[in-house]
1. Given the convex hull over the Cα atoms of segment 99-245, what projected area results after averaging over all orientations, in nm²?
2. Please list, or write none, the lysines whose alpha carbon is within less than 19 Å of the alpha carbon of Lys47, excluding same-chain residues fewer than 8 places away.
3. Subtracting the Cα-Cα distance from 0.36 nm times the residue separation, let me have the gained length for Asp242 to Glu72 in nm, one decimal.
4. Note down the net charge around Leu60, summing +1 for each Lys or Arg and -1 for each Asp or Glu among other residues with Cβ under 10 Å from its Cβ.
5. What is the antiparallel percent of DSSP beta bridges lying wholly in the chain, to the nearest 5?
6. Using the Karplus curve 6.51 cos²θ - 1.76 cosθ + 1.60 with θ = phi - 60°, what ³J(HN,Hα) values do you get for each residue of segment 82-87, in whole Hz, with x for Gly and Pro?
7. How big is segment 1-132 by the Kirkwood estimate over distinct Cα pairs, in Å?
8. To the nearest 20 Debye, how big is the dipole of segment 82-159 about its Cα centre, given +1 on the beta carbon of each Lys and Arg and -1 on that of each Asp and Glu?
Amino acid sequence: MIRAIVVDDEPLARQRLRQLLAEQSDIKLERECTNGLEAVEAIDELKPDLVFLDVQMPELDGFGVVDAVGPEHMPAVLFVTAFDQHALKAFEVHALDYLLKPFDRERFSTALERARRWIGDGDSQRQSLAPLLEQVHQGRPASDRILVKSGVHHVFVKLAAIQWVEAEDNYVRLHVEGTSHLVRQTLSGMLGRLDARRFRRIHRSAIVNLDFVQELSPWSSGDYAVLMKDGTKLTLSRTFRDQFGEWL
């Protein structure tokens with residue numbers, strides 16, 4: 001039995017998918033989500049085999065859901081869209097299937113059969129999701145927020161509110177106003193999402209927001225001590241001193 005969830009902010013679109021899925025003997029609809037935030041929490045909680053994911057949703061769109069969950073942790077995905085030329089080209093380039101609204105029963109069956117093969121192949125589709133996100137993001141304005149997990153829920157954090165970032169194995173920890181959030185991301189990947197005018201890498205394992213740096217002072221062997229406004233003490237490695245040329 002394939003466990004599926006449907007994610008779409010339009011009630012009629014969810015109803016259409018619900019009706020078509022009811023005709024499939026090997027699929028169980030576990031949940032319907034009305035927005036991207038619900039989708040991230042449902043994927044995290046239920047670990048479904050298949051997600052019907054609307055591309056265009058307010059707050060957090062379909063690509064934002066994939067980004068938040070992480071391509072390597074996503075179940076098989078069938079994207080659903082009314083019309084997004086940039087997205088459609090990206091799907092075609094990376095051999096990913098999609099349902100263009102309004103779709104008929106025959107088109108649905110074709111896409112579903114492909115999804116069944118993806119589920120059987122395991123990681124075959126996941127390998128295409130990361131380059132898909134990269135291509136899509138190149139054609140869209142950067143977001144000023146990031147979705148992070150806080151307890152059992154997810155919350156949006158403004159990137160400008162991040163005081164500093166530290167690497168923790170395959171994650172990064174975002175330090176924000178007296179609390180912190182662990183995010184599936186590399187330090188380099190995180191740096192690519194941040195405003196280069198405000199954020200600088202100071203160490204192989206740390207990034208700082210210049211708005212929250214209180215003091216820089218020479219330390220030893222060419223390194224500098226970095227005192228943050230919240231009292232945190234960090235190190236500016238000499239390897240990254242050129243990032244602070246105008247300060248030093």
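Just so it is clear, none of the values below were taken in a lab; they were calculated from the coordinates. All of these numbers come straight from a predicted model, not from anything done at the bench. Here the Cβ positions follow ideal geometry from the backbone for every residue, glycine too, while neighbour counts run over all protein chains shown.
1. The number I arrive at for segment 99-245 is 12.3 nm².
2. Lys28, Lys149
3. 57.8 nm
4. That sum, taken over residues with Cβ under 10 Å, equals -3.
5. Bridges in the chain are about 65 percent antiparallel.
6. Each residue's phi maps through the Karplus curve to give 6, 5, 8, 4, 4, 5 Hz.
7. Final number for the Kirkwood radius of segment 1-132 is 14.5 Å.
8. Approximately 260 debye in magnitude.
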